[in-house]
Amino acid sequence: MAESIGFIGLGQMGSAMAANLLSAGFAVRVYNRTPERAKPLVDRGAILTASPEQTATPGGIVVSIVSDDRALEAISTDALASALGKGGVHLSMSTVSPETTRRLAPIFASHGATLIAAPVFGRPEAAAARKLWICASGPAGAKQRVRHVFDAMGQGVFDFGEEVGAANVVKLAGNFLLTAAIEAMAEASVLAEKNGVSREALLEMFTQTLFNCPIYVNYSRRLIDADFDRVGFPIPLALKDMRLARDMASASNAPLPILSLLCDRYVSALAKGRANMDASAIALGAVDDANLKWD
């Protein structure tokens, strides 16, 4: 009999990840606040449930990837923890505050279950291709137990120890670096175009030489093509992540002036009606400031 895995959250990322679990031979029980999103998975054999706790089996594994801290708190209840029970694992793959993870972990522990933080790096297309990079933190035994689930969804796992919020720290730091890279490329492109060099020539040279790495290569193409309407990571979620990182920085007395700029860029993007654009549209802030137009 196939091992049963619960899966909560069927946005672009979650749907692709749950599909990979089905392809790997797991029996997948799914829940989403909007049930219609589950139809493609149900058509492939997933079982749709009416509540988060119904995705769980005693001593089993439930994966979740939801939009924000409030959504994670809404599903991380005594009902889900009790349904998992002794030996159960809630594999939390959302991008949330480390403090939220630390606050929720005892709920599961009180029922003999374990919360593991395992946020991911990769856009929806990487999730579909099983190319996610996974960061994990929490009790070692539970992480080892879910390793086969990680392998069905990603290309590699980085272990950040037993302190359950550590992986969330890494995820927020990584999203800050990613967004700062987009801003830096946008500003460099503006400087080039103001002085007679096309952003395409500039970015193609740098991404083949000094900055030949996935983030620069992939996002430079979006900047070159002004491809901001193909949304893998919407601006409101990007702003949410930058605010979480800023709150973490403030709480730890770590001044991060670049991060403050990025928060302001995203607030400005929302004010200009860009909520439905991809997070890479932060580049348009530098374009606007320079009174340029990118087609």
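The values are calculated or read from the model by the stated rules, or taken from the named source; none is laboratory data. Just so it is clear, the model here is predicted, and its values are computed rather than measured. Here the Cβ positions follow ideal geometry from the backbone for every residue, glycine too, while neighbour counts run over all protein chains shown. The accessibility values were calculated without ligands, DNA or RNA, using every heavy atom of the protein model including side chains. Shrake-Rupley method; radii C 1.70, N 1.55, O 1.52, S 1.80 Å.
A few comments on the model shown:
- Considering segment 127-139, and only residues there that are open to solvent by 50 Å² or more (accessible area, probe 1.4 Å) and small (Gly, Ala, Ser), the residue that is nearest to residue 82 (Cα to Cα) turns out to be 128.
Rundown of residues vs (1) under 27 Å from residue 99 (Cα atoms); (2) β-branched (Val, Ile, Thr), yes/no style:
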| residue | (1), (2) |
| --- | --- |
| 141 | yes, no |
| 146 | yes, yes |
| 163 | yes, no |
| 166 | yes, no |
| 173 | yes, no |
| 189 | no, no |
| 199 | no, no |
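- Selected residue (criterion: nearest to residue 27 (Cα to Cα)) from residues of segment 67-84 that are out of contact with any Pro (no Cβ under 9 Å at 6 or more places or on another chain) and open to solvent by less than 30 Å² (accessible area, probe 1.4 Å): 81
- Hey, residue 193 under 21 Å from residue 247 (Cα atoms), part of a helix (DSSP H, G or I), touching a residue at least 60 places away in the same chain (Cβ under 8 Å) and charged (D, E, K, R) or not: no
- Condition check for residue 143: in contact with a Gly (Cβ under 8 Å, 6 or more places away or on another chain) and open to solvent by 10 Å² or more (accessible area, probe 1.4 Å): no
- The number of residues in segment 1-21 being open to solvent by less than 30 Å² (accessible area, probe 1.4 Å) and in a helix (DSSP H, G or I) comes to 7.
- Within the option set 284, 262, 237, 270, being out of contact with any helix residue (DSSP H, G or I) (no Cβ under 6 Å at 6 or more places or on another chain) and buried (at least 21 other Cβ atoms within 10 Å of the Cβ) holds for one residue only, 284.
- Residue 56 being at pLDDT 95 or above and not β-branched (Val, Ile, Thr): yes
- The criterion of being out of contact with any Gly (no Cβ under 6 Å at 6 or more places or on another chain) and at positive phi holds for residue 226.
- When we screen 29, 33 for residues that are modelled with pLDDT under 95 and either under 18 Å from residue 72 (Cβ atoms) or outside any loop (DSSP other than H, G, I, E, B) (or both), the only hit is 33.
- Count of residues meeting criterion [in contact with a His (Cβ under 7 Å, 6 or more places away or on another chain) and polar (S, T, N, Q)] in segment 77-105: 1
- Filtered residues of segment 88-126 (kept if of a type in the set (Gly, Ala, Ser) and either more than 15 Å from residue 14 (Cβ to Cβ) or open to solvent by 10 Å² or more (accessible area, probe 1.4 Å) (or both)): 88, 97, 105, 109, 110, 112, 113, 117, 122, 126
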